[in-house]
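Report on one structure; see the data block that follows.
The values are calculated or read from the model by the stated rules, or taken from the named source; none is laboratory data. None of the values given here were measured: they were computed from a predicted structure. Heads up, the Cβs are rebuilt from the backbone with ideal geometry, glycines too, and the neighbour counts pull from every protein chain shown. The accessibility values were calculated without ligands, DNA or RNA, using every heavy atom of the protein model including side chains. Shrake-Rupley method; radii C 1.70, N 1.55, O 1.52, S 1.80 Å.
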Amino acid sequence: MSEYTVVVGLGNPENVDRLMHVASMIAKDNGGRVQGVTVVNVDRFAPDMTDQAHDRINRAYNILAEAEAVAELCGASFDGHLTVGREVAEVLNEVADSTDARLIIVGFSERRHPAGADTDFDRLVDEIAHQAPCNVLVARFVREPTYERVLVPVRGRSTLETRHDVLQALRNQLGASVDVMHVSSNQREAEEMRELLADWLRDHGVIDRVRLLVEISKDAGAAIVEASSNYDLVVIGTAPLHEVRRKFFGAVPEYVANHAACSTFLVRTQDIRREG
């Protein structure tokens with residue numbers, strides 16, 4: 001098996017430190033390395049670099065220098081990539097393909113896609129999720145993130161698998177306390193899911209290290225958001241690509257990311273049924 005590689009998209013200087021700590025934590029826990037990627041947007045109609053473009057390139061070099069420093073501090077191996085005048089999703093996809101990456105990490109943003117009305121995607125993160133050849137983690141940070149108490153909402157036992165590497169790294173590297181939460185619509189479903197999830201935790205040898213919570217509510221998103229006030233981080237799985245259209249993460253994860261009282265990681269697994 002190839003080296004465990006994490007590709008991290010670095011565009012916002014305010015998020016470099018936080019995104020790199022997450023990427024380095026996961027890479028280090030799996031004996032792998034981080035590939036940091038930053039893309040400089042320039043005026044596509046200008047034949048020569050403008051002063052503004054040069055300023056952007058200098059900022060990009062500073063971003064990669066900070067990213068490398070964070071990786072070194074965390075004890076993770078790092079390679080930096082700077083690209084000028086190309087689509088972000090295309091570059092992340094290319095680096096992930098060439099390094100056989102297991103995970104792409106980007107920051108959550110509602111920023112409109114730069115191609116505007118000419119694209120099928122509402123946001124840049126939607127296109128990244130669509131094109132990714134591997135799993136994707138979209139991080140929304142609230143304040144300076146801490147990871148002592150982590151809430152993991154699940155729909156069923158299979159959805160726990162999608163976040164295994166992330167949760168394992170949080171426990172191993174940071175000593176995080178993890179609670180698994182399922183929101184059922186009725187008592188009968190709650191009892192069945194409690195038994196199924198307990199079996200999964202027992203089979204994976206973590207039944208003594210993870211607390212299992214089963215809540216009854218007609219509104220799963222609202223229940224998760226309410227619970228988030230007691231946690232530092234919510235790690236939520238997202239809908240497969242073929243289940244959604246314009247928003248590529250699903251209604252409940254989108255709601256949680258926008259309203260949770262703490263930081264949120266949205267984790268979407270590679271979808272072999274994706275089109276395009």
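Could you check how many residues of the stretch 139-186 are part of a loop (DSSP other than H, G, I, E, B) and closer than 21 Å to CYS74 by Cα? Before the answer, list the steps.
Looking only at the stretch 139-186, we keep the residues that are part of a loop (DSSP other than H, G, I, E, B), and these are 141-148, 154-156, 162-163, 175-176, 185-186.
Narrowing the set further to residues that are closer than 21 Å to CYS74 by Cα leaves 141, 143-148, 175-176.
So the answer is 9.
Where residues in the stretch 124-173 are among the aliphatic types (A, V, I, L, M) and farther than 25 Å from SER109 by Cβ, which of them is surrounded by the most Cβ atoms within 10 Å (Cβ to Cβ)? If you could, list the steps in order and put the result at the bottom.
Initially, the stretch 124-173 is screened for residues among the aliphatic types (A, V, I, L, M), giving 124-125, 128-129, 132, 136-139, 142, 150-152, 154, 160, 166-167, 169-170.
The next check asks that each one be farther than 25 Å from SER109 by Cβ; those that pass are 154, 160.
Details: VAL154: 22, LEU160: 20.
If we take residues in the stretch 124-173 being among the aliphatic types (A, V, I, L, M) and farther than 25 Å from SER109 by Cβ, then VAL154 is surrounded by the most Cβ atoms within 10 Å (Cβ to Cβ).
Can you tell me which of ARG194, ARG163, ARG157 is modelled with pLDDT under 90 and more than 30 Å from VAL16 (Cα to Cα)?
The conditions single out ARG157.
State all residues of the stretch 2-30 that are part of a loop (DSSP other than H, G, I, E, B) and either in contact (Cβ under 8 Å) with a residue 60 or more places away in the chain or open to solvent by 60 Å² or more (accessible area, probe 1.4 Å) (or both); if no residue qualifies, say none. First the steps, then the outcome.
Narrowing the stretch 2-30 to residues part of a loop (DSSP other than H, G, I, E, B): 2-4, 10-12, 30.
Passing the criteria: SER2, GLU3, TYR4, GLY11, ASN12, ASN30.
Any chance the stretch 206-219 includes a residue that's buried (at least 18 other Cβ atoms within 10 Å of the Cβ) and at pLDDT below 90?
Yes, that holds for at least one residue.
Can HIS242 be described as open to solvent by 60 Å² or more (accessible area, probe 1.4 Å) and either farther than 17 Å from GLU148 by Cα or modelled with pLDDT of 90 or more (or both)?
Values: open to solvent by 60 Å² or more (accessible area, probe 1.4 Å): yes; either farther than 17 Å from GLU148 by Cα or modelled with pLDDT of 90 or more (or both): yes.
Answer is yes for this residue.
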